[in-house]
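Notes for the one structure printed next.
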Amino acid sequence: MPNEMTAAEAAEIIEKLIPDIENDMTIYAYESEALHTAASYLRKIAAGEYKPVVHAHWELVSEGAQCNLVKCTHCGRSIAVARNVPLDEWRAAKPYCDQCGALMNGKSDDHA
């Protein structure tokens, strides 16, 4: 999207709106607190305190006589796993991709 705003810009907009919203007698205290919290999180994201999490999983690409080939569904890194190693156990021992850092929790970042 060409008109994307940064987390810092979003926090600034929220922070500028808060005083006007708090002066509105129809706003509830928890709504005001939610805006303060959202702005705080956006500031922390902008400062690099929180990093985005990439979700992926190890996908079985092929089964060979001596090894299975699995790949990271995010970056495509391929790894050969010996056939005598159960894939479920291997996956449990590799919760992150060592190339891209994706969290291998079986979820996907595809929102299509």
Tilt, helix 7-23 to longest principal axis of the chain (alpha-carbon atoms), in degrees rounded to tens, equals 30 degrees
Trypsin sites (Lys or Arg not before Pro) within region 1-100: DSSP coil, no more than 10 neighbouring Cβ in 10 Å: none
Options (1) 13.6, 43; (2) 21.9, 72; (3) 22.1, 64 - which one matches Rg and Dmax of the Cα atoms in Å as calculated here: (2)
Leaving out same-chain residues fewer than 8 places away, which aspartates and glutamates sit with a Cα under 17 Å from that of Lys44? Glu9, Glu12, Glu15, Glu33
Inter-site label distance for Ala65 and Lys44 at 7 Å from Cα along Cβ, in nm: 5.5 nm
Among rounded, prolate and oblate, which fits region 7-46 when a ≥ b ≥ c are the square roots of the eigenvalues of its C-alpha gyration tensor, a/c under 1.5 means rounded, and a/b larger than b/c means prolate? oblate
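With a cap of 13 neighbouring Cβ atoms within 10 Å, and only residues DSSP puts in a loop, list the GluC sites (Glu not before Pro) found in region 36-99.
Those that pass, being in a loop and sparsely packed, are Glu49.
No value in this document is a laboratory result; all are computed from the given coordinates. Because the structure is predicted, anything quoted here is derived from the model rather than measured. Because the Cβ atoms are built from the backbone with ideal geometry, glycine has one as well, and the counts that use them run over all protein chains shown.
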